[in-house]
1. In the stretch 98-119, what residues are touching a residue at least 60 places away in the same chain (Cβ under 8 Å) and open to solvent by 50 Å² or more (accessible area, probe 1.4 Å)?
2. Could you grab me the full set of residues in the stretch 25-67 that are within 32 Å of the chain's Cα centre (by Cα) and open to solvent by 90 Å² or more (accessible area, probe 1.4 Å)?
3. Sort through GLY47, GLY20 and tell me the only one that's in contact with a Leu (Cβ under 7 Å, 6 or more places away or on another chain) and among the small types (Gly, Ala, Ser).
4. Here are GLU69, GLU64, GLU27, GLU95: which of them is in contact with a strand residue (DSSP E or B) (Cβ under 8 Å, 6 or more places away or on another chain) and not in a loop (DSSP other than H, G, I, E, B)?
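The values are calculated or read from the model by the stated rules, or taken from the named source; none is laboratory data. Note that the structure is predicted; figures quoted are calculated from it, not measured. Here the Cβ is made from the backbone with ideal geometry for all residues, glycine too, and neighbour counts use every protein chain on show. Accessible surface is based on the protein model in full, side chains and every heavy atom, while ligands, DNA and RNA are left aside. Shrake-Rupley method; radii C 1.70, N 1.55, O 1.52, S 1.80 Å.
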Amino acid sequence: MYKTKKKKTRVILRMLPISGTCKAFLEDMKKYAETFLEPWFKAPNKGTFQIVYKSRNNSHVNREEVIRELAGIVCTLNSENKVDLTNPQYTVVVEIIKAVCCLSVVKDYMLFRKYNLQEVVKSPKDPSQLNSKQGNGKEAKLESADKSDQNNTAEGKNNQQVPENTEELGQTKPTSNPQVVNEGGAKPELASQATEGSKSNENDFS
């Protein structure tokens, strides 16, 4: 399927390789792995490896302890066995399902997309995937352009708004002329009347 890129099943999603089973307890797993891992890792056989762990419906097994113990067993079988998490020759698959531990050693585990049949037939240069990515990019550009237009219109509206209260801008409304008050506190009309009265008195004396 990896070479032909032809899907041969519509029901199977992923195949789980199992070469041996044991009870899902740490001591049972260690005892079984000492003989199970010999064909791949015991001298003179050697290689790089990684351990893939997955547990379902089980809470009494610690992931870190299982990986540490199995890696120690592989290294005791041959000191030249090395851990490689990027491109290992072998992958030790540990699948715990309830009280059962399923073990297997496979090659090209990451190349075959973890044995996912739906993913292994996909080509990295699939035109449909490229078109979908390009379409998403165009939609994102259109959305960003629409958002920028909305922001520009909103800014234009804000710039066109004029505050109703001109007093805030320092422009005060014209007020009525203040009334001038003389030193005596009399209003201008009364002051003019007083001057006219004094003039008439002077004329009378003259």
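1. If the condition is that a residue be touching a residue at least 60 places away in the same chain (Cβ under 8 Å) and open to solvent by 50 Å² or more (accessible area, probe 1.4 Å), then LYS98, ALA99, VAL100, LEU111, PHE112, LYS114, TYR115 are the ones that fit.
2. Step one: list which residues in the stretch 25-67 are within 32 Å of the chain's Cα centre (by Cα), which gives 49-59, 61-67.
Passing the criteria: LYS54, ASN57, SER59, ARG63, GLU64.
3. Numbers: GLY47 fails: in contact with a Leu (Cβ under 7 Å, 6 or more places away or on another chain).
Residue meeting the stated conditions: GLY20.
4. Working: GLU69 fails: in contact with a strand residue (DSSP E or B) (Cβ under 8 Å, 6 or more places away or on another chain); GLU64 fails: in contact with a strand residue (DSSP E or B) (Cβ under 8 Å, 6 or more places away or on another chain); GLU27 fails: in contact with a strand residue (DSSP E or B) (Cβ under 8 Å, 6 or more places away or on another chain).
Just one listed residue meets the conditions, GLU95.
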